[in-house]
Amino acid sequence: MAIKIKAHRIAYMALPKAACSTVKQALAQIDPAYARKFEKAGAPALNPEHIIYPTSRFKPNRWEALEKDWWRFCVVRDPAKRLISCYTNRVVQLKDLHNSRKLLRGIVDLPMDPDPDFFFQNLAEYRRAASVIKHHALPADMFIGYDLEAYDRVYPIEDLSRLMTDLGARSGTPLVLRRKNKSGGGLAIADLKSETRDSLRTYLAREYALLGKYYENPLQ
C-alpha cells in the first residue's frame, strides 16, 4: 500500500535503504494529519515516521485504484549500494543479527558479525534467518513494482534535493533536506572478493534491469 498524504494528493512507494527515513520525515512536515496519526499510533518515541508511514510491498491493484489526480513518486538507489547499505547499517551499525531468534537459539548456524564477503556469499541463509535482513535485501520491484512508468516522478537518491523542492511546491511548505539513518562504513562493491561479486551478479541482475535508466550495472 502506498504512503498517502491525502491533503496534497501525494502517493509514495517506499524502498528500503533508498532514503525512505529521510523522505518519510519530509512527508511528516507537510502532512496536516500527522499529529492525529502520531497520537493514534501511541506517540512512538523511536522512529515514529516508520510506524506512522510503514513500508509495504507493492500491490498493483491498490496502486491502480488511486484516482488519476494523485501525484505518485518513488526514490531509487544503485542496487549494489543499496544492498551494501543493508550490511553496513543493519548488520554492522545496528547489530540486527544479534536479535535473530533463529541465530540466538542455534536453529541456524551462522555468525552474527559476519565479514561482508561471508554475509553476501550466504545472503540467502541470512535472509531466512532474520526477517529484517530479508526486508532490506529484497529486490526493488517488490516495493515499487515492475513498471516505473506508473510514477509521475522517479527520483534517484542523488536527486533528493529536487524531491524536497517538488514536495515543497506541491504542499506550499518549504522543505530543507535533512538526511536520516545514513549508513556508514565506506564499503564498495569493488572491495568484495571476486567470488562474492560473482554470487551477487545473478542476485542483482533483475534489479539493474529495472533501474537501467538510472544506474549502470558494475557487475556485468
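The values are calculated or read from the model by the stated rules, or taken from the named source; none is laboratory data. Since the model is a prediction, treat every value here as computed from it, not as a measurement. Positions of Cβ are backbone-derived with ideal geometry, glycine not excepted, and every protein chain shown enters the neighbour counts. Note: areas computed on protein heavy atoms with side chains; ligands, DNA, RNA excluded. Shrake-Rupley method; radii C 1.70, N 1.55, O 1.52, S 1.80 Å.
As an exercise: evaluate residue 145 against (1) on the phi > 0 side of the Ramachandran plot; (2) open to solvent by 50 Å² or more (accessible area, probe 1.4 Å); (3) touching a residue at least 60 places away in the same chain (Cβ under 8 Å); (4) of a type outside the set (Ser, Thr, Tyr) and give the number of the one condition it does not meet.
(2)
Just give me the residues in segment 155-179 being closer than 14 Å to residue 5 by Cβ and either modelled with pLDDT under 90 or part of a loop (DSSP other than H, G, I, E, B) (or both), in sequence order.
Within segment 155-179, 172, 173, 175 meet the criteria.
Give just the number: which of (1) acidic (Asp, Glu); (2) touching a Lys or Arg at 6+ places or on another chain (Cβ under 6 Å); (3) loosely packed, with under 15 Cβ neighbours inside 10 Å does residue 49 not satisfy?
Every listed condition holds for residue 49 apart from (3).
Identify the single condition in (1) within 29 Å of residue 92 (Cα to Cα); (2) outside any helix (DSSP H, G or I); (3) touching a Cys at 6+ places or on another chain (Cβ under 9 Å) that residue 143 does not satisfy, given that it satisfies every other one.
(2)
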